[in-house]
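As structure tokens, the structure follows; a few thoughts come after it.
The values are calculated or read from the model by the stated rules, or taken from the named source; none is laboratory data. If you're wondering where the values come from, they're calculated on a predicted model, not measured in any experiment. For neighbour counting, all protein chains shown are included, and Cβ atoms are generated from backbone atoms with ideal geometry for every residue, glycine included. Heads up: the accessible areas ignore ligands, DNA and RNA and are worked out on the full protein's heavy atoms, side chains in. Shrake-Rupley method; radii C 1.70, N 1.55, O 1.52, S 1.80 Å.
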Amino acid sequence: MKTIRKHIVILAAVAVAGSLLSFTAPMANAADKDGVTSSRSFPKINKTKKDLLAESKSVDVESDSSWLSTTMSVPKTKSSAEQQAEAQAAQEQAAREQAAAAAAAQASAASRSQTRSATPSTAATTNTTTTTVNASSSAVVSYAGQFVGVSPYVYGGTSPTSGWDCSGFTQYVFAHFGISLPRTSGAQASVGTAVGSLADAQPGDLIANSMHVGIYAGNGMVVNALKPSVGTAYTPVQYAFSGGYSIRRVM
């Protein structure tokens, strides 16, 4: 009888243990599935971007961004060699203009002196021979000189008030003395009598080539309508004519 009771107790214990095992197993499995939590755990936050390459593909630009401008103003600079060349050219031009102004003043004074002292004869002494300038030639230079600094240069012009070009100027001046000249500088380079060199030229002679013409004023100067920025002026022959020229005596 005791043996039977002993077996019953053992069987009951086994049954209780089995029921306990069947109750705790699901709890363990549930804990394994959901993870271990505690009162100090933090909420699960998922901030992963859907497209990790979206930022690298972006081409959006803020509307007020000034650094991405399609037009950039880049200052143009010149090399030191260019700056020195320009400075030297400016100095040379200024020197030429000063020389031209001085020579023009000298030529104007010489022209006035020749006008006062001119006679139609040649005076000779024992030691020297002085040839005076023909009165009409001197008068041409004096008449042309009154337009210096007054009449402008206008291409194709023939008037002292509205402007003239180089051949229009010489044609107008000589017409005042009854001498008719062709209209162009190239044609005027073949009128009258040829003079061999500038050393033999006299005031009133024409100096001309296919590009320009002026009236010789003496002392290596011509009175001419040179260009728009200068107008009618006295200038050195070398300044007015960059190439060859013809010297023609028409009086």
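In table form, for the structure just shown:
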{"item": "Mean Cβ neighbour count within 10 Å, used as a protection proxy, ranking 217-225, 190-198, 162-170 highest first", "result": "217-225, 162-170, 190-198"}
{"item": "ALA194-THR158 pseudo-label distance in nm [points 7 Å out on the Cα-to-Cβ vector]", "result": "2.9 nm"}
{"item": "Extended-chain gain in nm, criterion 0.36 nm per residue less alpha-carbon gap, SER229 and ALA175", "result": "16.9 nm"}
{"item": "Carbon/sulfur fraction of accessible area - segment 128-251, other protein chains in place, 1.4 Å, %", "result": "53 percent"}
